[in-house]
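J.: Dropping the structure in here first, questions after.
The values are calculated or read from the model by the stated rules, or taken from the named source; none is laboratory data. A quick note: this is a predicted structure, and the numbers were derived from the prediction, not measured. Here Cβ is always computed from backbone atoms with ideal geometry, including for glycine, and neighbour counts include all displayed protein chains. All accessible areas refer to the heavy atoms of the entire protein, side chains included, with ligands and DNA or RNA removed. Shrake-Rupley method; radii C 1.70, N 1.55, O 1.52, S 1.80 Å.
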Amino acid sequence: ISRVSNPTLPSSLLPRDRFALGGVGRCVGIMDSYSARANTIFCTFVTVLGTTAVLNHLSINLPLEKFEVTPTADIGMNKIHDLTLNTYLNQEQSLLSFDLNYDLSTEFHWNMNQLFLYVVASYNDTDSQHTNKRNEVVIWDKIIRSREAAKLKEKGVMLEYPLRDQFRELRARKVNLHLRYRTMPIVGIMYEKEVAIGSFQTPGEYFRDSSAQQKEEEMKRQRKNSKAKGLEDWEYR
């Protein structure tokens, strides 16, 4: 094998040695490419972002007064406006209003994005073996996105979704109203909490008072106006 003279390399190097040195040069070029640099920047960004997110979540567990959560709330029946048979759905349904008072402002801190607040009507004392043993119906909900919106005291809040029973077992029932909310942090675990409970008895016969039609038309009018303004239900409530 003939040797090649080069002033920059020892004359004792064989061609295969010269090829190996050239390969090292190419590897260095690959390491300095734009894609490798972008990959390094991206990995560093993700690592810093993940570390910051974990620290943000852990910081709310510090024993500081600003992180103490003390929600207060109360819910009670205001009036049952009707109890009728929905012939289209073949289900019993009722329209009602309730008194609502809550203060959830202590839930908001730098890691809290929003709260999902809702009212559940439950009754679990049905007698038939072929019906639901557990009945829970969401009749009202609201999204809270600020500390200021986390306070409310109002009487006669109308439900958003009728209370319905698919097996016609809504008459003469003891119904509980549960005020619950779910936390939705920026980073972390979502928790569900119940802050108030009230109860009432449904009538034993179908009826419909004079205000039921008015309340129903008012609900439809509010929804129509909100759609015209491009608002969701929770935005105008």
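J.: For LYS224, give me every one of the lysines with a C-alpha distance below 16 angstrom, ignoring sequence neighbours fewer than eight places off in its own chain.
T.: Straight-distance partners of LYS224: LYS215.
J.: Still on this structure: State, to one decimal in nm, how far the label point of LEU85 lies from the label point of GLU65, with both points 7 Å from Cα in the Cβ direction.
T.: Calculated label separation equals 6.1 nm.
J.: Measuring with a 1.4 Å probe in the full set of protein chains, what accessible area per residue, in whole Å², belongs to the range 110-229? Don't skip to the end; give the middle numbers.
T.: Values: 7250 Å² over 120 residues.
Each residue of the range 110-229 exposes 60 Å² on average to a 1.4 Å probe.
J.: Return the Cα extents of the range 87-218 along principal axes one, two and three, sorted largest first, each rounded to a whole Å.
T.: So the three principal-axis extents are 50, 36, 25 Å.
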